[in-house]
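A short worksheet on the structure shown next.
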Amino acid sequence: MLMNSFQLEIVTPTKISDEGQVDYVRCPGLDGSFGIMSNHREAIFALDVGEIKVTQNGKDHYLATSGGFAEVTKEKVELLLETYERADEIDAARAEEALKRAQERKTAKEIDTARNDISLLRAINRLNVSER
Amino acid sequence: MANLKDIRDRIKSVTSIQKVTKAMKMVAAAKMRRAQEHMEEARPYANRLSTVINHLLPDVDRDMLELLDVREVNRVGYVVVTSDRGMAGSFNTNVLKTAQNEIDTIGKENVDVFCIGKKARDHFKRRGYTIIENHTEFWNELSYSHAIKIGEGVISHFTNHHVDEIHVVYNEFVNVARQYIQSEILLPLTFEEENGQYLGRLYEPNREEIVRSLIPRHLNIQMWKYLLESYASEQAARMLAMENATENAQDMIKELTLEFNKARQAAITTEMLEIVSGAEALQN
C-alpha cells in the first residue's frame with residue numbers, strides 16, 4: 001500500500017534543511033518514542049536525546065539528535081533540533097572517546113553528575129545510531 | 001640626516017608590514033561576513049523556540065522552573081566575552097573595563113567569573129578574581145557545540161545555587177564601524193508572556209514538560225548569539241584597526257620616500273661640489 005507522504009523540515013541553530021516528502025517519522029519523545037504519519041493532528045512534542053527514523057520512498061534513514069521539539073501542522077512537520085547528525089556522518093571514534101571521558105569522570109568524585117550524565121547519554125546515543 | 005641605505009631598509013620593512021596589515025584586514029572581513037551569516041541562520045530556530053515558550057509559559061507554574069527562579073541576590077556570576085588575539089583596537093579593553101567596573105561595584109569577593117577568550121582569562125587571572133571556567137582558543141573553529149558547552153557550565157552554576165544571577169558582558173555588533181558594549185542579565189531568564197494561537201493543539205508529554213525541556217535550549221541559543229555578536233564585533237574592530245594601520249603605513253612610506261629623495265639629492269650635490277672644487281684646484 002502506498003503511504004501518504006508529508007513535508008518534513010529540520011531546523012537547527014546553524015541551518016534549515018528541507019527533507020522533502022517523507023512517509024513516516026519516528027521521534028524520541030520525553031516518555032517514549034512515537035511516530036508521525038500524514039494527517040497527524042496539530043501538535044507540539046518535546047524531544048529527548050535519541051534516534052530519529054525517517055522513512056522516505058520506502059527507505060529508512062537514521063539521525064542522532066540531542067533533542068529539541070517537533071511541531072506538527074496541517075502543511076508540514078518541523079523538527080527543531082539543537083543538534084543532529086545523520087547515521088553515516090557520525091564520527092564513531094570521537095563518540096567513543098567522549099563516552100570514555102564521561103565514564104572516567106563518573107568514577108572521579110566531586111563533579112556535576114547531572115551534566116555528566118547528559119554527555120554520557122549523548123555519546124551512547126551517537127554510537128548506537130552510527131551502527132545503523 | 002640618515003644615510004641612504006638605512007632609509008631604503010625602513011621603506012622595505014614598512015612596505016612588508018603594510019602587506020601584512022592589508023592581508024589581516026581581508027581575512028577579518030571574510031570572517032566577519034561568516035559570523036553575520038551564522039547570525040542570520042540562527043534566527044529562525046531562535047524565533048520559533050521563543051514563540052513556543054512564550055505561548056506555553058502562562059499555563060505553567062513558574063515556581064517549578066528553576067531557570068526562572070528569582071532569588072535574593074547574594075552572589076553573582078559574570079560571563080565576560082573577549083577574543084583570544086589582540087590587534088583589534090579597543091575591542092577587548094572596553095569590554096574588560098566595563099566588566100571590571102561592574103564587578104568591583106558588586107564587590108570582587110561576591111562574584112564568580114566565566115572567562116570567554118584568552119584576553120578575559122589573562123586579565124582576571126592576573127588581578128586575582130574568582131574564575132570558575134575558562135573557554136579559550138575555540139574562536140577559529142567556532143561552532144554551536146561551544147555555545148552548548150559554555151551554556152551547560154553557566155546553567156549548572158546557577159541551578160546549584162552557587163550564584164543567584166548570571167550577567168553577560170559582550171560586544172554587540174551594530175555595524176562595521178560600531179560595536180556596543182552590552183551588559184545583560186542572562187539568568188534568571190525573563191520572557192514576555194502571550195496567549196492564544198496555540199490552543200487546541202496536542203501537547204506531548206504536557207505543556208509544563210515541554211517548557212521545562214525547551215528553556216535550557218533557549219539559553220544555549222542566547223549563548224550562541226553572544227558568541228556570534230562578539231565574534232563579528234571582534235572581526236569588525238580588527239578590520240578597522242588594520243585599515244588604519246595600512247593607511248599609516250602608506251603615509252610613512254610617503255614620508256620616507258621623500259626623505260630618501262632628499263638624501264639622494266643632497267648626496268649628489270655634495271658629490272658635484274667635490275668634483276667642481278677638485279677640478280678648480282687642478283686648474284689653479
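The values are calculated or read from the model by the stated rules, or taken from the named source; none is laboratory data. Source: prediction; values computed, not measured. Note that we place each Cβ from the backbone using ideal geometry, even for glycine, and neighbour counts take in every protein chain shown.
Being exposed (fewer than 12 other Cβ atoms within 10 Å of the Cβ) and in a helix (DSSP H, G or I) is the filter here; which residues of the range A:121-132 pass it? It would help to see each step written out before you state the result.
In the first step, residues of the range A:121-132 are kept if they are exposed (fewer than 12 other Cβ atoms within 10 Å of the Cβ); the result is A:131.
Matches in the range A:121-132: none.
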Among the residues listed as B:245, B:249, B:232, the single one being part of a helix (DSSP H, G or I), within 18 Å of residue B:95 (Cβ to Cβ), in contact with a helix residue (DSSP H, G or I) (Cβ under 6 Å, 6 or more places away or on another chain) and in contact (Cβ under 8 Å) with a residue 40 or more places away in the chain:
B:232
Do you know which of the residues in the range B:46-64 that are more than 14 Å from chain A (Cβ to nearest Cβ) and touching a residue at least 12 places away in the same chain (Cβ under 8 Å) is surrounded by the most Cβ atoms within 10 Å (Cβ to Cβ)?
B:58
Just give me the residues in the range B:21-45 being buried (at least 20 other Cβ atoms within 10 Å of the Cβ) and at the interface with another protein chain (Cβ under 10 Å from one of its Cβ atoms), in sequence order.
B:38, B:42, B:45
Filter the range A:101-132 down to residues that are of a type in the set (Asp, Glu) and within 13 Å of chain B (Cβ to nearest Cβ), then give me how many there are.
3
Quick check: is even one residue across the range B:240-262 among the hydrophobic types (A, V, I, L, M, F, W, C) and surrounded by 23 or more Cβ atoms within 10 Å (Cβ to Cβ)?
yes
Selection count, the range A:3-48, where residues are away from every other protein chain (no Cβ under 12 Å), touching a residue at least 24 places away in the same chain (Cβ under 8 Å) and either in contact with a strand residue (DSSP E or B) (Cβ under 9 Å, 6 or more places away or on another chain) or part of a strand (DSSP E or B) (or both)
16
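Test residue A:115 against the criterion of being within 24 Å of residue B:221 (Cβ to Cβ), at pLDDT below 90 and not assigned by TED's automatic domain parsing to the domain that holds residue A:29, and give yes or no. Before the answer, list the steps.
On the way: within 24 Å of residue B:221 (Cβ to Cβ): yes; at pLDDT below 90: yes; not assigned by TED's automatic domain parsing to the domain that holds residue A:29: yes.
Here the answer is yes, as residue A:115 does meet what is asked.
Step by step: first the residues of the range B:119-168, then only those that are assigned to a loop (DSSP other than H, G, I, E, B) and under 22 Å from residue B:107 (Cβ atoms), then the one that is nearest to the other protein chains (Cβ to nearest Cβ). Which residue is that? Break it down into steps so the answer makes sense when it comes.
Initially, the range B:119-168 is screened for residues assigned to a loop (DSSP other than H, G, I, E, B), giving B:127-129, B:136-138, B:142-143, B:160-164.
Cutting the leftovers down to under 22 Å from residue B:107 (Cβ atoms) gives us B:127-129, B:160-164.
On the way: B:127: 27, B:128: 24, B:129: 22, B:160: 7, B:161: 13, B:162: 11, B:163: 14, B:164: 18 Å.
Once the filter is applied, the top-ranked residue is B:160.
Filtering the range B:91-148 down to residues that are under 14 Å from the mean Cα position of the chain (by Cα), closer than 30 Å to residue A:116 by Cβ and charged (D, E, K, R), which residue is surrounded by the fewest Cβ atoms within 10 Å (Cβ to Cβ)? Reasoning before the result, please.
Residues of the range B:91-148 that are under 14 Å from the mean Cα position of the chain (by Cα), as a first pass: B:91-99, B:115-121, B:135-140, B:142.
Subsequent filtering for residues that are closer than 30 Å to residue A:116 by Cβ retains B:99, B:115-121, B:135-140, B:142.
Imposing the further condition that a residue be charged (D, E, K, R) reduces the set to B:118-119, B:121, B:137.
Details: B:118: 19, B:119: 24, B:121: 20, B:137: 11.
It comes out as B:137.
Among the residues of the range A:1-42, how many are among the polar types (S, T, N, Q) and more than 30 Å from residue B:223 (Cβ to Cβ)? Steps first, answer last, please.
Taking the range A:1-42 first, the residues among the polar types (S, T, N, Q) are A:4-5, A:7, A:12, A:14, A:17, A:21, A:33, A:38-39.
Going one step further and asking which of them are more than 30 Å from residue B:223 (Cβ to Cβ), we end up with A:4-5, A:7, A:21, A:38-39.
Residues in the range A:1-42 being among the polar types (S, T, N, Q) and more than 30 Å from residue B:223 (Cβ to Cβ): 6 in total.
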